[in-house]
Every structure is written in structure tokens, then in C-alpha cells.
Amino acid sequence: MTEDYSRSQLRKGQKASIIVFFISIGLVIIKFIGGIISNSSSLMSDALNSGSDSIVMIGTWIGLRIAQKKPTNKFQYGFYRAESLVTLGVAAFIIIGAIELIIEGYMRLFSIPNIEFPIQSSIIAIISAISASISSLYLIRVGNKINSQLLIANGKERMGDIFISIAVFISIILSYFMIPFIDGITSIIISVLILRIGILTSKDAIFALMDISPSKKIEDKIKSIIKNISTINSFDALKLRKAGPFIFGEITIKLKKNMDVERASEISEDIIRKIRANIKEIIQFSVYIKPSELKKYKIVIPIDDENGLESIISKHFGRAKRYLIVIVENDRILDYYSIENEFINKNIRAGLITIKNLLKEDINIIITNQLGEISFHTLHDHLIDIYQFPAIDKVKNILQNFFENKLTRLKKPTKEKEKID
């Protein structure tokens, strides 16, 4: 994901927030005037609810605006967290306003409701419910499109506004018939819901600023992607952190100790490419590589006779009659067995077909004298280490040289590949 793309996504969120802001401001004015004229405390509380929505939207707009700024020397990761910081301030405002409304609603419990113009006030409540429904669906749709959790959260919060408006409608009707406590109780209920929204919003903002992992689902998805990459021995230290609508991540993978830098870099780039292709929220992902030394592994050696460790190693690989597979742990031979080369009479690419068959044995190392280009690159892609013996000898002597680091590690195909593969 490029910086230009991330900024274009943020601008879409800005546009959505400013549209809903003006809708909320319109509702504030209508509800406030209606609440004063009708003397409805619940309608006034709902006006404050819309006011808090307006502030949330303008705060979101500001946060998304700041988040678009390019990284600087001091802010090298960019300004994406401005969204969370602004959200925290907005949440504090909502909490203070809700507490004041709860006190006002409590005072209303001890007064007789005197609702005027109930039809007009009821119409305002219905308009509010319809507006909340439209705004909610719009914010959730845009939020999902650009992956802005703040917009999605605001959209879900507005779903609650629908029920609040319905409660206000019922309160206006019942209060008109002089039923006591209704206006005050409804005002308190609405205020408590607003208070809950403020608390949850502040919690999410604080957690985001404290680098809480944004999603267990995303974590599992990344782990699944990496587990399906056969070249990786193991991995750990997966870390994710949210910054505005985007996610930064890092992981440590373990590769073979003798792997060259170029191959390790290819694997790292492959991981990043697959993660970004499957998880659109990831804006930056780092892969750290650590060497991993196998304690228990399998060595494959081509042989022409069946005599265990006394067997004479074959000069050819693809045309060898058998393959001795030696199981080693901590440079000590635990066991060995041999398998027949079923493809010895194959006209072309005998080595390649043989290698694909040997890979089923979960091998780690091959010791050979000659190896063709296709076979070499197939083993290279599967992170199989390849060592070359200098002269024809018994398997046990070749293994002893291997344990003493006297064998040469092949870094490219041998020249005689065409003759043997």
C-alpha cells in the first residue's frame, strides 16, 4: 500500500465525516428548537446526542486530515494516530455532556411534564430516526471500504440513535398525557447510553494509543499465510499495532543458518507481498530473519550398491541406482535407510523427477558430486542445502567429512548437468 493510496483512502473518510457532520448539525438545531417549544427534556437530551455526534464527526474529520500529512524526521511513522488522539478528546467531551444530562434528567423526575405541540415534536423524533438510519448505513459502508474503524464505530453508534429517537417519540406521547416520570426517565436512559458511548470510545482510543493488537482475526490470518510458505522453518514475535485506519506489523522468521542473503531477502519480500495482498489494512509490514540450525535432519546421498554406510557414493545423482537417507541428530547418526531410484531410466530430467520424489521424505541436505541446473534450483526453492564431495568414497567417510565441515557447499549448478540429469 503506497502513501498516495493511504491518503486517498483517508480523504474518502474525510468526505463521509463532513457530510454526516452537517446532517447532525441540522438535527441538533431542529431538536433543540423542538425541545424548547415543546418543553421536552428527552428531546433536548436527544439534541445533545446529535450534538455529540457532530463533535465526533468534526473530530474524525480533523483526525483524518492530520493523518494525511507525510512522515517527517520527528514523526517517521506518519500521523495516522492523530485519529485516535482526537477521538480521545471527543470521548471526554461526550462523557462530560452525558453526566450533565443525567443530572438534568434526575431533576425532571420531580416535575410534572407539560408537553406542548406533541405532533410537531413527534415528527422531529421520526425524522431523527430516519436520518440516523441513513447516516449509519453510509458511515459503515464507507468505513468498510477504506477500513476506518472509527467510521465503522460511528456508524454502529448511530444504529443506537434509531432506538433513542423511537424512545423519545414514545416519551413525548406519554408525557403529553401527563404521565409522571416518563420524560425524566427517558432523558436519563438516553444520557446513560451517551455516557456508555463516550466510555467505549475513550477505551478504544486509549487502547489504540497503547499499541493493543487490533484484531485476533488478522493475527490468525497472517499466521495462516506464513504457515503455508514451505521455506520457513518457524516464526514468532508477531506484533501488530493500529494507527488510524491502518495497521503496522512485524514478525521474526527462522530460516536455515547457511542461507544466503539474497535468498533470505526473496523469502522476506514474498511474505510481505502475500500479506499485503490478503489484508488490505496492512500499510507497513517488516520481516526480521534469524538463523535456525537444525538439530535433527535427513541427509540424502546417491549410491549404486546397497551396503549401508559402507556403500560407495555414486558419481551421478539423477542416474544413481539408490539413495541412502541418513537420519542425524547433533552430528550423530541415529538411523539410515535406502530407497530405489524409480526414475533411473527416465530419458530426460531424471534428477528433477527424483528430487520431487525425495522431497516427500522430508529431506534437509543432499550430498552429491554433480547436479543440473533445474534440479539445483528446485532444491534451492525448497531450502535444501547441497554439498559436494571431492572424490568417490564410502558413505561413512563422506559423512565424517561433512561433520568436520570439510565438504563444499554448492552455490550454483555443476557444469556437467546435461550429462547426468
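In this simple spin-label approximation, SER8 and LYS227 carry label points 7 Å from Cα along the Cα→Cβ vector, and these lie 3.5 nm apart. Note on PHE22 and LEU109: the model spin-label points, each 7 Å out from Cα along the C-beta direction, lie 4.2 nm apart. Taken over region 250-373, the alpha-carbon convex hull comes to 139 cubic angstrom per residue. By the beta-carbon count within 10 Å of each Cβ, the least crowded to most crowded order of ILE313, ILE212, fewest first, is ILE212, ILE313. Given R0 = 35 Å, the distance between the Cβ atoms of VAL192 and SER286 translates into a calculated FRET efficiency of 0.20. Here the alpha carbons of region 216-292 define both size measures, Rg and Dmax, at 12.2, 40 Å. Here the label points at TYR337 and GLU219, each 7 Å from Cα along the C-beta direction, are separated by 4.0 nm in the simple model.
Where a number appears in this text, it was derived from the coordinates with a stated rule and is not lab data. This one's a predicted model, so the numbers in the text were calculated from it and none came from an experiment. Cβ sites come from the backbone with ideal geometry, for glycine too, and all protein chains shown count toward neighbours.
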